[in-house]
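Beneath this line is the structure, given in structure tokens, with notes to follow.
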Amino acid sequence: MSQRQVLQVFEQYQKARTQFVQMVAELATRPQNIETLQNAGVMSLLRTLLLDVVPTIQQTAALALGRLANYNDDLAEAVVKCDILPQLVYSLAEQNRFYKKAAAFVLRAVGKHSPQLAQAIVDCGALDTLVICLEDFDPGVKEAAAWALRYIARHNAELSQAVVDAGAVPLLVLCIQEPEIALKRIAASALSDIAKHSPELAQTVVDAGAVAHLAQMLLNPDAKLKHQILSALSQVSKHSVDLAEMVVEAEIFPVVLTCLKDKDEYVKKNASTLIREIAKHTPELSQLVVNAGGVAAVIDCIGSCKGNTRLPGIMMLGYVAAHSENLAMAVIISKGVPQLSVCLSEEPEDHIKAAAAWALGQIGRHTPEHARAVAVTNTLPVLLSLYMSTESSEDLQVKSKKAIKSILQKCTYLPALEPFLYDAPPNILKHVVGQFSKVLPHDSKARRLFVTSGGLKKVQEIKAEPGSLLQEYINSINNCYPEEIVRYYSPGYSDTLLQRVDSYQPLNN
Amino acid sequence: MATLARLQARSSTVGNQYYFRNSVVDPFRIKENDAAVKIQSWFRGCQVRAYVRHLNRIVTIIQKWWRSFLGRKQYQLTVQVAYYTMMMNLYNAMAVRIQRRWRGYRVRKYLFNYYYLKEYLRVVSETNDAIRKALEEFAEMKEREEKKANLEREEKKRDYQARKMHYLLSTKQIPGIYNSPFRKEPDPWELQLQKAKPLTHRRPKVKQKDSTSLNDWLACTSARSFPRSEILPPINRKQCQGPFRDITEVLEQRYKPLEPTLWVAEPIDELKLAREELRREEWLRNVNDNMFLPFSSYHKNEKYIPSMHLSSKYCPISHKEQFRSENPKKWICDKVSVGRKSKDFQTVLPSFELFSKYGKLYSKAGQIV
């Protein structure tokens, strides 16, 4: 037997293994094959192939495992149960970059399903090796490691804390500064997922100096990168005033507004979210947003998109207006009210309508001038119809009721109030009549108009319980007019007149 | 004595008579006593009542005076209190007036300055307008850029299509499909085809070396180094007016490739790198690091082949004569470089950097007159 014949056997075996692994990896891309593969016991076969002598086979086996684990959490759990993770973690530190990439892919695919699986990865000690991979030369390896870390960190605060404790944050900040867009994207999203859980985690992200680098990249033309960066910044700033101020100090302000004009919906949404998270903390931060022209930009942004993209912008307007009357005035002069009323009437979904109603209530509750600005856009009837409609959700009803109430209590713009006399339920009618009773004693023109438009007649028709607040209001309205007029408009006056005609004895008899 | 006797004789009768008379008088005596008591009690009652009446009258007078005294005192006190409260009310009213004015002034001046608010709102609306405008412009710019990029992409695609379809160009003999002789003017595509350069056959691409050694970095041949200008230097540019050098000379200098000295050009650890490369190759090809050699006597009957130098039939060649002709006139390097007297072999030893640049710069400082 020659040497060649002997070697041929090895070659054949190796070829067969390669082919097997490649085929499995190929088959694992299709969801319909996965059940069959699992039933055929692919997991244990791949496990042994992970320890193969040939690097290519190892890598492909890892890839196949990753694809299987990516499919659903049962398979991911099977990967954990088969004790594959320790092997992977052990060889992750040793092998070449292709293997590292594949192994990080497996870890990512396992960790993304549930906190328990992510915890299993952490228990294997994968974090340290993943963090070492973040220091690799190859951007692909870094990306895969950052991705795996992101999927581990996104589940809950403890896992995030574990990732932070492994020292990933400074390296992720370094990854942001790399030239590769994909790596930047993943690193930014990993930072976002770490910062979202608690103020302390966000503080560690800020301490690593991430904010300045993130803020610098806001002008990047890549839309996906931008939306991850904006999400990271908003997750940092959502926790406390200090963190929001840190974000503001990175001079994001005129730049973020350009993101509101972006083509990409997610960029717009996340930019509005960022502005909302900053504005919601204090009046000073809101003022800063207003002074930078953020309110106008957000309003334009609300006008230029539909659906859920609008929601953070609407909430931001509400937060700004809630802080003080001057800020609410700024929202009004930025033409925010017409835009919000458009949202209120156009949007099909209840939660967006509820947010718009809330924001309008926050704008209109300060002074009569604010209430007037809301009332002239003809928003009140819409709010009332939302409140009365049986189709609207409970939350929407509560929010629109509160908005109507807070606007009505300040509203002195009578033309807008008049329709409410006719079709409002008693609990709202009370406020309407109360407003009339406050305004009419001091305004003669309004008194005249109130009679000619038939308001007085309507007021006489209201059946109020004696001694109630409503009755008091009605009485004070009646006191503004001469008695004959009140009697003339009270229901049944014609009958009494006719009775007098009946009972009258003509004098000439 | 007789009297005595008489008296004695009469004593029994006296006793009897006494008893008798007493018994007769007794009922009257009780009655009279009762009457006397009645009269006395009535009289005494009248007397006491009169006295009490007298006392009451006096007490009323005393009380009247005392009460009037107390009342006056109370009244004075009430008047004082009323006066005091009136004054306090007045003071409070005045204080309210003062406070009202002051508070109004303070709020208008420091807290809610109406004109300041107006001004602020005006400024905010101005900023808003400015921001809106700027954003609008920004969006427009973006859109324009994108449109331009799209157009360029399409143009490129069309050009490529034209290059691919260049064979459909009409010739003098054969009208192409776009240049029908039955139509007045040729199809616009025909013009496009005329402008396009025919697509040549694709040559197998020479795979670029992945290594990024120093030379690649400096000569800017590597993809990872500085951006290279894709366009070639312009062929004929007009001579600038003024005391400038000839444009070709300047361009030659500008686009001159890097000529590192031998010292810099050659890596120091060439041998080590080569070994490394060899080992990597070997490792890539092999399944196993240890060669699988079952038969130890496999190489036994292999014949040793000596190298060519050693296997010469003649005497071994001396190295000195081997490389250079004896006759200096036949040396080629002398012909190549005119500026220098004679040329020796390039030394392996480090050369002085300035000398290697000698004569290649266009500053006069280096020229020998």
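Listed here are the residues, each with its yes/no results for (1) acidic (Asp, Glu); (2) within 14 Å of chain B (Cβ to nearest Cβ); (3) surrounded by fewer than 22 Cβ atoms within 10 Å (Cβ to Cβ); (4) within 19 Å of A:Trp147 (Cα to Cα).
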| position | (1), (2), (3), (4) |
| --- | --- |
| A:Gln3 | no, yes, yes, no |
| A:Met23 | no, no, yes, no |
| A:Ala40 | no, no, yes, no |
| A:Leu45 | no, no, yes, no |
| A:Leu75 | no, no, no, no |
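When A:Tyr319 is tested against (1) modelled with pLDDT of 95 or more; (2) under 27 Å from A:Pro415 (Cβ atoms), only condition (2) is not met.
Rundown of residues vs (1) touching a strand residue (DSSP E or B) at 6+ places or on another chain (Cβ under 7 Å); (2) within 14 Å of chain A (Cβ to nearest Cβ); (3) of a type in the set (D, E, K, R), yes/no style:
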residue	(1), (2), (3)
B:Asn92	no, no, no
B:Asn128	no, yes, no
B:Ile131	no, yes, no
B:Glu146	no, yes, yes
B:Lys156	no, no, yes
B:Glu185	no, no, yes
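Criterion applied to A:Ser400, A:Ser476, A:Ser406 was being more than 30 Å from A:Ala354 (Cα to Cα) and in a helix (DSSP H, G or I), and the one residue passing it is A:Ser476. The set of residues in region B:166-205 that are hydrophobic (A, V, I, L, M, F, W, C) and either exposed (fewer than 12 other Cβ atoms within 10 Å of the Cβ) or over 57 Å from the mean Cα position of the chain (by Cα) (or both) comprises B:Leu168, B:Leu169, B:Ile174, B:Ile177, B:Phe182. The condition of being within 14 Å of chain B (Cβ to nearest Cβ) and either surrounded by fewer than 24 Cβ atoms within 10 Å (Cβ to Cβ) or more than 23 Å from B:Arg280 (Cα to Cα) (or both) holds for only one of A:Pro115, A:Pro55, that being A:Pro55.
Would it be correct to say that A:Ala375 is in a helix (DSSP H, G or I), touching a Lys or Arg at 6+ places or on another chain (Cβ under 8 Å), more than 14 Å from every other protein chain (Cβ to nearest Cβ) and over 23 Å from B:Ala130 (Cβ atoms)? Considered against the rule, which asks whether it is in a helix (DSSP H, G or I), touching a Lys or Arg at 6+ places or on another chain (Cβ under 8 Å), more than 14 Å from every other protein chain (Cβ to nearest Cβ) and over 23 Å from B:Ala130 (Cβ atoms), A:Ala375 comes out as no.
Is it true that some residue in region A:277-295 is crowded, with 24+ Cβ neighbours inside 10 Å and closer than 25 Å to A:Leu386 by Cβ? Checked region A:277-295: at least one residue is crowded, with 24+ Cβ neighbours inside 10 Å and closer than 25 Å to A:Leu386 by Cβ. Checking the stated criteria, A:His370 turns out to be in contact with a Gly (Cβ under 6 Å, 6 or more places away or on another chain) and modelled with pLDDT of 90 or more.
Please tell me if A:Thr60 is in contact with a Ser or Thr (Cβ under 8 Å, 6 or more places away or on another chain) and either closer than 23 Å to A:Ala144 by Cα or touching a residue at least 24 places away in the same chain (Cβ under 8 Å) (or both). Against the criterion (in contact with a Ser or Thr (Cβ under 8 Å, 6 or more places away or on another chain) and either closer than 23 Å to A:Ala144 by Cα or touching a residue at least 24 places away in the same chain (Cβ under 8 Å) (or both)), A:Thr60 qualifies. The residues on offer are A:Gly209, A:Gly293, A:Gly303, and the sole one that is closer than 13 Å to A:Gly313 by Cα and at pLDDT below 95 is A:Gly303. On the basis of being among the β-branched types (Val, Ile, Thr), within 15 Å of the chain's Cα centre (by Cα) and within 14 Å of chain B (Cβ to nearest Cβ), does A:Val267 make the cut? Judged against the criteria, A:Val267 is a match. Of all the criteria given as (1) more than 9 Å from chain A (Cβ to nearest Cβ); (2) surrounded by fewer than 12 Cβ atoms within 10 Å (Cβ to Cβ), the one not satisfied by B:Arg122 is (1). Among the helices (runs of 4 or more DSSP H) confined to region A:272-366, the ones with at least 2 residues that are more than 14 Å from chain B (Cβ to nearest Cβ) and without any contact (Cβ under 8 Å) to a residue 40 or more places away in the chain are located at A:336-346.
Within region A:222-247, the set of residues being aliphatic (A, V, I, L, M) and surrounded by fewer than 21 Cβ atoms within 10 Å (Cβ to Cβ) comprises A:Ala223, A:Val241, A:Met246.
Scanning region B:94-119 for residues that are within 14 Å of chain A (Cβ to nearest Cβ) and either of a type outside the set (A, V, I, L, M) or surrounded by 10 or more Cβ atoms within 10 Å (Cβ to Cβ) (or both) yields B:Val107, B:Phe112, B:Asn113, B:Tyr114, B:Tyr115, B:Tyr116, B:Leu117, B:Lys118, B:Glu119.
The single condition among (1) within 13 Å of chain B (Cβ to nearest Cβ); (2) touching a residue at least 24 places away in the same chain (Cβ under 8 Å); (3) not charged (D, E, K, R) that A:Gln12 does not satisfy is (2).
For beta carbons closer than 8 Å, sequence separation of 6+ or different chains, a first residue in region A:458-472 that is surrounded by 13 or more Cβ atoms within 10 Å (Cβ to Cβ) and a second that is outside any helix (DSSP H, G or I), the qualifying pairs are A:Gln460/A:Ser490; A:Gln460/A:Pro491; A:Leu470/A:Ile462; A:Leu470/A:Ala464; A:Gln471/A:Ala464; A:Gln471/A:Glu465.
Looking only at residues that are in contact (Cβ under 8 Å) with a residue 12 or more places away in the chain and among the hydrophobic types (A, V, I, L, M, F, W, C) in region A:25-38, which one is surrounded by the most Cβ atoms within 10 Å (Cβ to Cβ)? Step by step, filter region A:25-38, then rank; the result is A:Ala28. Taking the conditions (1) within 12 Å of chain B (Cβ to nearest Cβ); (2) of a type in the set (Val, Ile, Thr); (3) surrounded by 22 or more Cβ atoms within 10 Å (Cβ to Cβ) in turn, A:Thr258 satisfies each one other than (3).
The values are calculated or read from the model by the stated rules, or taken from the named source; none is laboratory data. Note that the structure is a prediction, hence the values are computed from the model and not measured. Virtual Cβ from ideal backbone geometry, glycine too; neighbours counted across all protein chains shown.
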